[in-house]
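As structure tokens, the structure follows; a few thoughts come after it.
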Amino acid sequence: MDNLPARPTYAPIITDAPGLNWVGPGDAWTRAWGVTAQQPYTSPVLPAPVLPAPALSAAGTFGPAGGSGVPPMPSTPPPLVPQAAVAVLPLAGRAQAAAAQAGPTAADIALVRRSLGVLESVADRATAHFYAVLFLRHPELRALFPAAMDLQRDRLFRALLAAGQAADNPAALTEYLDRLARGHRKYGVLNEHYGPVGEALLTALERYCGRYWDPETELAWRRIYRAVSEVMMASAEADARVAPASWQAEVVAVDRRAGEVAVVTLRTDQRYPYLAGQYTTLEVPLWPRVWRHYSPATAPRADGLVTLHVKAVPAGWVSNALVHRTNPGDVLRLGPASGTMHVDLDGDAPLLLIGGGTGIAPLIAMVEAVAEHGRARTVEVFYGARREQELYAREELEALARRHPWLAVRTAVSEGRPEGAGFSGSLPAVVDRYGPWDEYEAFVSGPPAMIRRTVAVLREEGVQGARIHHDLADPA
């Protein structure tokens, strides 16, 4: 894409969207996003949170100042997934709000965890009831959610479980909620939405907790989600001062390759901040409010271009729209970058980069970042696919290896005979064959099953868990 004309990163280029795209001057979606296609982002004035922030105890936990703190968790909390949707604190009546002012206690956390244990077996029904109540009482909120709610329901319960389990770890909980709040801004979530969402949540909890629901449990939920909503509102307000809720991105090129893969290049209307290896969330015109994760395949560029690798998968709404129905001139929407899989460019440890399928995209970005940093270090790339023709990025990787003598690239196919110097076998097996890797910093990206098997191989090879990086929530 080097032949594309460079544009100043501060000048929006989207002046009018195609007629079949909902992004355009004066349309309802753009008004809902709060940023017009022609107008650069300016920080909106958000209403201040209406409730005081929860106090921290002397032990550093949520609760009354000077309190006794919260006993340690009996087990490791579930992973905190920032893309999960969470229903937060209801704004109660005066008496309930006054009782909730003190913040959650150790007893509150125990009651919430007990009710979450009860809900686990009926999670689908409870969350379906929650949404039914919410949309019946407040039909205007339906526009914040995607048309298909199945994935949203699953994310909701995971987020509730994570927040309840991590309530006595304020540092981890606050970090999680901060990312969650920033991600939720792209949905158009406002402070006034927290009350009705929370009241619907309490209604669903009361229905499905049965005999485990009582006034003490209700108050515990109000206190904990009061604290949760305060953190989220404050985080969203702070983020709104420095960044838009989302970025509009014009498609400048679509390179369709073998194996149902397309390389899609975008130019955002404003600078899009991310680190090589992180992922973005993306929304296409055909499926409003349906967001999917894609990793940029280039390090951040001065010309503002962002390149994504997308494979069309069966029943993949967004992926099929991107591969088969997206063309130059279309306008997409990006959420804020996220993910912990990025390289310490000042480190000295050799790097092991393992990518399956389109999971190679963030690893190519990492290689570019290392090269641009100008500090040579050993980098070993293993790139795998099922069949030879699906290794769509091999030429690009080999070109990088020719330019940088510190980079080695090996390919593997699990079906059929490999060409050239490639290997036959699954990617984890080929990586195992070349071990040990105990001195390396490892990064793994690709299908979940491949990541899990590769992580297991690396652990058997003696690579410490802190040196294995991926963005899969639960590799075990």
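Could you check the stretch 451-464 and list, in sequence order, the residues that are out of contact with any helix residue (DSSP H, G or I) (no Cβ under 6 Å at 6 or more places or on another chain) and surrounded by 21 or more Cβ atoms within 10 Å (Cβ to Cβ)?
Scanning the stretch 451-464 gives Ile451, Val455, Leu458, Val463.
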Subset of the stretch 298-327 [loosely packed, with under 15 Cβ neighbours inside 10 Å and over 18 Å from Arg256 (Cβ atoms)] = Ala302, Asp303, Ala315
Options Asp214, Asp255, Asp269: the member that is touching a strand residue (DSSP E or B) at 6+ places or on another chain (Cβ under 6 Å) and free of Cβ contacts under 8 Å to residues at least 12 places away in the same chain | Asp255
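Confirm whether Ala162 is of a type in the set (A, V, I, L, M), modelled with pLDDT under 80 and either surrounded by fewer than 21 Cβ atoms within 10 Å (Cβ to Cβ) or not in a helix (DSSP H, G or I) (or both).
no
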Among the residues of the stretch 212-225, is any under 19 Å from the mean Cα position of the chain (by Cα), assigned to a helix (DSSP H, G or I) and small (Gly, Ala, Ser)?
-> no
Assess whether Ala126 counts as being of a type outside the set (D, E, K, R), in a helix (DSSP H, G or I) and at pLDDT 75 or above.
-> yes
Do any residues in the stretch 307-319 that are closer than 15 Å to Ala297 by Cβ have Cβ atoms under 6 Å from those of residues that are among the polar types (S, T, N, Q), where the two are at least six apart or on different chains, and which pairs are they?
-> Thr307/Thr265; Thr307/Thr298; His309/Thr358; Val310/Ser319; Lys311/Thr358
Has the stretch 150-157 got at least one residue that is at pLDDT below 85 and under 13 Å from Leu116 (Cα atoms)?
-> yes
What do you reckon, is Ala227 modelled with pLDDT under 90, farther than 25 Å from Ala171 by Cα and not aromatic (Phe, Trp, Tyr)?
-> no
Among all residue pairs at least 6 apart or on different chains, which show Cβ distances below 8 Å where the first residue, located in the stretch 274-287, is farther than 21 Å from Arg182 by Cβ and in the same structural domain as Leu322 (by TED's automatic domain parsing) and the second is at pLDDT below 95 and of a type in the set (Lys, Arg)?
-> Leu286/Arg325
Could you tell me which residue of the stretch 345-361 is nearest to Gly374 (Cα to Cα), considering only residues that are of a type outside the set (A, V, I, L, M, F, W, C) and free of Cβ contacts under 8 Å to residues at least 40 places away in the same chain?
-> Asp346
Could you say which residue among Val367, Val343 is among the β-branched types (Val, Ile, Thr), more than 18 Å from Val310 (Cβ to Cβ) and at pLDDT 95 or above?
-> Val367
Is there a residue being of a type outside the set (D, E, K, R) and within 21 Å of the chain's Cα centre (by Cα) anywhere in the stretch 197-208?
-> no
Just give me the residues in the stretch 323-344 being in contact with a Lys or Arg (Cβ under 7 Å, 6 or more places away or on another chain) and either in a loop (DSSP other than H, G, I, E, B) or closer than 15 Å to Val379 by Cα (or both), in sequence order.
-> Gly335, Pro336
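The values are calculated or read from the model by the stated rules, or taken from the named source; none is laboratory data. This structure is a prediction, so every number in the text was calculated from the model and none was measured. Don't worry about glycine lacking a Cβ; one is built from the backbone with ideal geometry, like all the others, and counts go over all protein chains shown.
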